[in-house]
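Peer 1: My structure is below; once you've seen it, I'll send some questions.
A short reminder: the numbers here are calculations on the coordinates, not readings from a lab. Keep in mind that what you see is a predicted model, and the values were worked out from it rather than measured. Ideal geometry is used to build each Cβ from the backbone, glycine not excepted, and the neighbour counts take in all protein chains shown.
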């Protein structure tokens, strides 16, 4: 379970005090186990800042974030151990093979020996990476890179799973694999937090949607509830209405 | 295995994999190592040739036909017959008028083992004649000794009995300029190698990883930044150590091909000297890699890291130069990293006994600074500034 409570975060420009950016302004939400929670928000709404606070990379000015009840600021290493992360910008170690890279992240999570080997084999099989596993990642396509990144985030079977726009660049087949995978995780009782710009996907996949605008929670509920709340037929229209402007979608 | 070990092992293995698969970075390290001994060999060969240039000496031999072997030995030492003198030098050698008389019964006396007297005639007060006379002296002594040795050997006598005491000369005075240049060059080169060899690995694993967007992912993992820094330090300094080790091995091999004793320099890089040098340079390798990581992590891009860290390389080249120029060296210089080591290395090349206290002191200071750099870097990687610079 991921809980975010009253997060405030400002980025202060030391030279020009007026230039201060308020990235998070009292954001609170909860992502429950056994659910897929989607975060929607226009660019610059504070999604990445919120997630980075969740990873313990940034410390909030006010408020707190917990992962399975462990405070991220007080015990970042223990909190991160419960987390599988698919980052906003992802890169691969291009001189390593896919297998070595997954192995690396598995070891960082403290796995070793036969358990680790089985976990890697499992995740490679699940994501259909078998053909690529022992190739260096240097020439991989966007979709292949995405899969390797997913594999390294999932290999330790994290209780909580945070994905920052995971489907960009994936072809239909890969997107389906990912969706099935997330559904399986959900069924097993994992907590999945998912940010995306693709409305159909959020509507199809997410149990609950959190709409973030200007560092605040603008609305939350099931996709159906949000549509009803805004009085619109589809989620896209509802989203635009709820954040109060349409500039976010254009960006 | 506990968690810390598993993590550190995985980090180090990954850094090693990346470092040793980066052929370009390894090429730099190896190039340095291979260029050093070749450069030193060529330099010293040229110097020796200049210094030990033995110009031909023309001697008037009387009775040369009695001792063809002796004449041949003379010719090898560039002591030639006056009959062969070139025209433009004829008058000078005519004036110097050096003559050697070989007795008629040379061959017979030689066969019987009787002492033979060669007569050398020249104006010994003439300064220009002195070097040729000394060379003739040496040549005759060497020739005589070699025959004497052979005679003893034939009779089953160990010729080492003839040299019960041997004088090994170690000059503690300031060595002559040429030799100093060679040893100083090697000293500076070793320092440079410690700094240069691990350079590309250090930059690649810090600024390079940031640019390839893999650093953020790593910082999000449940692993302490100290371990991350340590792993990167270990991999970069391993490459640096390999570079230094290669230089030491290749140099000690190649120095064997150059006879420095000809110019009165006693230079040897035997295993124990090389071991002491390695011991001195090990902390430097770690120190250098720590400096490079520290700087490279703070830069915004790979390019910036390359140029900034490039400036760091000036330090190891600059400090030993300054130190060797200084006549009155303040005490605290002994303790400083690089300066301390370069002074000790200079002493080693001079043949002075190693001052172990100084070795440990300067190594301790160097390691302490390295540890401080690592801790500071680990702390910095936790700060928001580094995270903010990620995108």
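Peer 1: Within 10 Å of each residue's Cβ, count the other Cβ atoms and sort B:353, B:204 from fewest upward.
Peer 2: B:353, B:204
Peer 1: Now a separate question. Subtracting the Cα-Cα distance from 0.36 nm times the residue separation, let me have the gained length for residue B:150 to residue B:120 in nm, one decimal.
Peer 2: Full extension from residue B:150 to residue B:120 adds 8.3 nm.
Peer 1: Rounded to the nearest 500, what is chain B's calculated 222 nm mean residue ellipticity when only DSSP H runs of at least 4 contribute -39500 (n - 2.57) each, over all residues?
Peer 2: -21500 deg cm²/dmol
Peer 1: In peptide B:229-240, how many Cβ atoms from other protein chains are near each Cβ within 10 Å, on average?
Peer 2: 0
Peer 1: Peptide B:216-228: average number of partner chain Cβ atoms within 10 Å per residue?
Peer 2: Mean partner shielding for this stretch: 6.
Peer 1: What distance in nm separates the simple spin-label points at residue A:176 and residue B:97, each placed 7 Å from Cα in the Cβ direction?
Peer 2: With each label point 7 Å from Cα toward Cβ, the separation is 11.4 nm.
Peer 1: When all alpha-carbon pairs of chain B are counted, what percent fall beyond 28 Å?
Peer 2: 61
Peer 1: So what is the relative contact order for chain B, in percent, with contacts set as C-alpha pairs under 8 Å and at least six apart?
Peer 2: 21
Peer 1: Given contacts defined as C-alpha pairs under 8 Å and at least six residues apart, what's the relative contact order of chain A, whole-number percent?
Peer 2: 27
Peer 1: Okay, moving on. Relative to the longest principal axis of chain B, what angle (0 to 90°, nearest 10) does the C-alpha long axis of helix B:356-382 take?
Peer 2: Taking Cα atoms only, the helix is inclined about 30 degrees.
Peer 1: When N counts the residues of region B:272-344, how does its alpha-carbon radius of gyration compare numerically with 2.2 N^0.38 Å, as a ratio?
Peer 2: Working it through for region B:272-344, the quotient is 1.29.
Peer 1: Tell me the Kirkwood hydrodynamic radius of chain A in angstroms, computed as one over the mean inverse distance between distinct C-alpha pairs.
Peer 2: For chain A, the Kirkwood estimate is 18.9 Å.
Peer 1: Report P(r) for region A:106-210: all Cα-Cα distances, bin width 5 Å, range 0 to the bin holding the largest distance, values in whole percent.
Peer 2: All Cα pairs considered, the percentages come to 2, 11, 22, 25, 21, 12, 6, 2, 0.
Peer 1: Helix A:113-126 versus the longest principal axis of chain A: what angle, 0 to 90°, nearest 10, using Cα atoms?
Peer 2: So the helix axis and the longest Cα principal axis differ by about 70 degrees.
Peer 1: Under the rule of -39500 (n - 2.57) per DSSP H run of 4 or more residues, summed and divided by the residues of chain A, what mean residue ellipticity at 222 nm is obtained, to the nearest 500 deg cm²/dmol?
Peer 2: Computed mean residue ellipticity for chain A: -11000 deg cm²/dmol.
Peer 1: How large is Rg over Rh for region B:54-162, taking Rg from the Cα atoms and Rh as the Kirkwood inverse mean of 1/r across Cα pairs?
Peer 2: Looking at region B:54-162, the ratio lands at 1.02.
Peer 1: On full extension of the chain, what length is gained from residue B:141 through residue B:111, given 0.36 nm per residue of separation minus the C-alpha to C-alpha distance?
Peer 2: Fully extending the segment from residue B:141 to residue B:111 adds 8.9 nm.
Peer 1: Which number do you get for Rg(Cα) / (2.2 N^0.38 Å) in the protein assembly as shown?
Peer 2: 1.49
Peer 1: Indicate, rounded to the nearest 5 percent, the antiparallel portion of the DSSP beta bridges found entirely in region B:54-162.
Peer 2: 35
Peer 1: Evaluated at 25 °C with a viscosity of 0.890 mPa s, what Stokes-Einstein diffusion coefficient in µm²/s does region A:90-157 have when Rh comes from the Kirkwood expression over alpha-carbon pairs?
Peer 2: The Stokes-Einstein estimate is 213 µm²/s.
Peer 1: How many nm is it between the label spots at residue B:73 and residue B:45, if each spot is 7 Å from the Cα in line with the beta carbon?
Peer 2: It is 3.0 nm.
Peer 1: Can you sort B:370, A:115, A:167 so the residue with the fewest Cβ neighbours within 10 Å comes first?
Peer 2: Ranking B:370, A:115, A:167 by Cβ neighbours within 10 Å, fewest first, gives A:115, A:167, B:370.
Peer 1: Determine the percent antiparallel among the DSSP beta bridges restricted to the protein assembly as shown, to the nearest 5.
Peer 2: Within the protein assembly as shown, antiparallel bridges account for around 50 percent of the total.
Peer 1: Sort B:277, B:226 so that the residue with the fewest other Cβ atoms within 10 Å of its own Cβ comes first and the one with the most comes last.
Peer 2: B:226, B:277
Peer 1: Turning to a different aspect of this structure: For region B:54-162, what does the relative contact order come out to in percent, with C-alpha contacts under 8 Å and a separation of six or more?
Peer 2: 26
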